Each structure stands twice: as structure tokens, then as C-alpha cells.
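Reading through the C-alpha cells given below for one structure.
Please treat every number below as a calculation from the coordinates, not as lab data. A quick note: this is a predicted structure, and the numbers were derived from the prediction, not measured. No Cβ is skipped: glycine too gets one built from the backbone with ideal geometry, and neighbour counts run over all protein chains shown.
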Amino acid sequence: MDYKNIILQVEQWGAAIIFNRPKALNAMNAETLSEIQHAISVCKSDDIKVLILTGSGEKAFVAGADIREMQNLHPSEALAYMEMGHETMRMLETLPKPTIAAVNGFALGGGTEIALSCDMRFASENARFGQPEILLGSIPGWGGTQRLGRIIGMGRAKEIIYSGEQIDAKRAYEIGLVNRIYTVDQLFPEAVKFAEKLAALPSFALKMAKHSINFGYDMSLDNATRLEAQCCAQCFSMEDQKEGMSAFLEKRKPNFSGR
Ligand code: DAK
């Protein structure tokens, strides 16, 4: 597929999806969503160990859903558009490998929601987050009302969603929305450095960790710990578990193969 609004960059450690619609500060329209869905499908390949999402330029990660495209939607069209967004966020969230949002500038509305669907959020010092939908007469439509509270707590999520106020990277870090902050120049290189580190680890164990954390979250503790036991037990069917434990006992560095 030829992409018009994103760039898919495949590297040894994994891949980067770069939102690239500078004239609208990388705002998401339906065409971009379908390109992202395609790119995420490509990233399902076992050769791709980690996925980074970022925006082109220094000003925006994603400045939200495209307001021009949304403005005149009939409620039934809005629902279809919302479902397309949900499907995209869910594809990202359930991709069985680590995902990092490298948030370089504005991440508003749908931009924050994409970042929330990633496993981790690294931000540049000039990053700004927010759910400004209320200022447009709407509410978050791509999972913000659900995922934001799960990550930063319900009270803080309500404050952000009700007010439509933006928060900067420092505040986002303080409330646990962001894992790490870097200078604008260092953001992507540092995200890649972290991705390289993860890419060298046992990919099946990473997949099981993500599955157990994500799917256990909404279960009772009993069911969730049962799920964890199953995920952990499955790691013992892998060569990487034998290698990791042998290497420890033999006092050498492990050489993981992904098998
Ligand atoms: N959509 C379309 N164009 C956008 C845009 C957006 N979200 N954000 C920026 N642009 C365009 C601007 O219109 C402008 O285009 P021209 O006028 O040059 O043609 C260009 O990008 C540069 O923007 P500015 O001139 O405004 O740049 P500034 O530096 O002055 O301001 C800003 C940057 C990010 C503060 C400002 O652009 C801004 O406030 N942008 C809008 C932020 C926002 O409200 N985003 C939308 C959040 S709502 C749903 C599905 C999804 C959603 C809701 C419901 N269902 C289907 C039910 C999600 C909604 C959202 O994401």
C-alpha cells in the first residue's frame, strides 16, 4: 500500500509509524486511520520486535481527529467513524509486542487517545496533551473516556476531559501519563535506544507480559492471577526461557533467539 499521510520505517529493532500530514498538524482523517491500520498489520510480522509511533516535524504528534472532516457528520456517520477509530486503537493496544508513543509536540484529542493505546509514552519537553473535545461540543470518541482514567485515575481524567485544558509534558509526567521526558532532539533517538533494548529481550516473554497485563486488568484478581500463571507457564515451552536461566547459572550473557 502506498501511504499518503504516514511513513512506515522498518529497522532492525522494529518499526516506526510516523504521522506525516504537516499541513493539518498530523490531524487524523479516515484515510490516515486506514493507512495506520494497514501499517499495524505489517508490524504483526515476527521480524518486527517493537513499534514506535511519532509525528513528523517538531510541532505535533497528532493534533486530534480532523475537525474539517468531522464537522458535518450525521450521528450514524459519526458512529462509523468512531468505530473505525476504536478498531485502530484496539489493533494498536493488542499488537503482541511493545509499543512506544514518542510524543513530539501537540497530542490533542485523538492524538492523546493514540498515545493512550500504546504501552508507554515518551514525550519531548514541548509535548502537550489534552482532550479538548468538550470545547467542540463533543466528548472523546476514540477511547479517551475509558483509557485515560485507567492510566492516570478517574479524578484526573475527569478534570482533563471536563475542562478541555491542555497539560504540558512535566505535568503529564507528574500524573503518570508519560513515562519519560527528553529534549526535542533526543526524543526519537532515546525511544529507539529503548526499543533496541527491548528487541534484544525474549519476544515471547514480552508478548506474554503484555497479554497478562492488558487482559488481566478487567478481571477479578483470582482470574487475572490464573491468566498470569498460564502466560508464565507458556514461557517455559520456549528455548529463550532455557537460555535465560542457563545463562544466569553459567554466569554468562544470554543469547536469546526469539524461539
Ligand atoms: N483538524 C483539522 N485541522 C487542524 C487540526 C485538527 N484537529 N489541528 C490543526 N489543524 C490545522 C489548522 O486548521 C491549520 O490549518 P490552516 O488554517 O493552516 O489550513 C493548521 O493545522 C495549523 O494549525 P494552527 O494554525 O491552528 O496552529 P497553531 O500553532 O496556532 O495551533 C493547535 C496549534 C494544535 C493548538 C491548534 O491547531 C488546535 O487547537 N488544533 C485543534 C486541536 C483539537 O481541538 N483537536 C481535535 C480534538 S477533537 C468521534 C471521533 C473522534 C473524536 C471525537 C468524536 N466520533 C466520530 C464521534 C475525536 C475528536 C478529537 O480529536
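Could you state the angle between the C-alpha long axis of helix 184-199 and the longest principal axis of the C-alpha atoms of the chain, as a value from 0 to 90 degrees rounded to the nearest 10?
Helix 184-199 sits roughly 40 degrees off the main axis of the chain.
With +1 on each Lys and Arg Cβ and -1 on each Asp and Glu Cβ, how big is the dipole of the chain about its Cα centre, in debye rounded to the nearest 20? Please report the intermediate quantities before stating the final value.
Details: 28 positive and 31 negative charges, 122 e Å.
That gives the chain a dipole magnitude of about 580 debye.
Length gain on complete extension for the stretch Asn223 to Arg180, per 0.36 nm per residue less the alpha carbon to alpha carbon distance? Please list the in-between numbers first.
Details: separation 43, 0.36 × 43 = 15.48 nm, distance 3.18 nm.
The Asn223-Arg180 span can extend by a further 12.3 nm.
Residues with beta-carbon under 14 Å from that of Arg252, excluding Arg252: net charge, scoring Lys, Arg +1 and Asp, Glu -1? Spell out each step's value before the answer.
Details: positive: Lys242, Lys251, Lys253; negative: Glu243, Glu250.
Local charge sum for Arg252: +1.
In region 1-115, what % of DSSP beta bridges are antiparallel (nearest 5)? Please list the in-between numbers first.
Values: 5 of 18 bridges.
Antiparallel bridges: around 30 percent, rounded to the nearest 5.
Counting only DSSP beta bridges with both residues in the chain, what percent are antiparallel, rounded to the nearest 5? Before the final figure, lay out the partial values.
Numbers: 7 of 30 bridges.
So the antiparallel bridges amount to about 25 percent of the total.
Taking 0.36 nm per residue of sequence separation and subtracting the Cα-Cα distance, how much length would be gained by fully extending the chain between Met1 and Thr145, in nm to one decimal?
Values: separation 144, 0.36 × 144 = 51.84 nm, distance 3.24 nm.
Stretched out fully, the Met1 to Thr145 stretch lengthens by 48.6 nm.
Taking the simple approach of a point 7 Å from Cα along Cα-to-Cβ for both Ser237 and Arg90, what is their distance in nm?
2.5
Within region 179-259, which chymotrypsin sites (Phe, Trp or Tyr not before Pro) sit in a loop by DSSP and count at most 15 neighbouring Cβ atoms inside 10 Å? Walk me through the numbers before you get to the answer.
Working: sites: Tyr182, Phe194, Phe204, Phe215, Tyr217, Phe236, Phe248, Phe256; in loops: Tyr217, Phe236, Phe256.
Of the chymotrypsin sites (Phe, Trp or Tyr not before Pro), the ones in loops of region 179-259 whose Cβ has at most 15 other Cβ atoms within 10 Å are Tyr217, Phe236.
Distance in nm between label sites at Ser138 and Ser56, each 7 Å beyond Cα in the beta-carbon direction?
Going from the Ser138 label point to the Ser56 one covers 2.4 nm.
I'd like the GluC sites (Glu not before Pro) in region 227-259 restricted to DSSP loop residues with at most 13 other Cβ atoms within 10 Å, sorted by number. Could you put the intermediate results ahead of the total?
Values: sites: Glu228, Glu239, Glu243, Glu250; in loops: Glu250.
Taking region 227-259 and a limit of 13 other Cβ atoms within 10 Å, the loop GluC sites (Glu not before Pro) found are Glu250.
Can you tell me the 0 to 90 degree angle between the C-alpha axis of helix 30-42 and the longest principal axis of the chain, rounded to 10?
That works out to roughly 0 degrees.
For helix 75-94, report the angle its Cα long axis makes with the longest principal axis of the Cα atoms of the chain; keep it between 0 and 90° and round to the nearest 10°.
20
Treat each spin label as a single point 7 Å out from the Cα along the C-beta direction, and report the Asn126 to Gln230 distance in nm.
My value for the distance between the label points is 4.8 nm.
Can you list residues whose amide H is under 5 Å from Ala60's amide H, if they're 5+ apart or on another chain and H is modeled 1.01 Å from N?
Amide H to amide H, under 5 Å and 5 or more residues apart or across chains, Ala60 pairs with Phe106.
How high is the FRET efficiency from Ala30 to Met245, r the C-beta distance, R0 30 Å, rounded to 0.05? Please list the in-between numbers first.
Details: r = 48 Å, r/R0 = 1.61.
Efficiency for this residue pair is about 0.05.
Could you work out how much longer the chain between Asn72 and Arg252 gets when fully extended? Use 0.36 nm per residue separation minus the Cα distance between them, nm to one decimal. Walk me through the numbers on the way to the answer.
Numbers: separation 180, 0.36 × 180 = 64.80 nm, distance 6.25 nm.
So the chain would gain 58.5 nm between Asn72 and Arg252.
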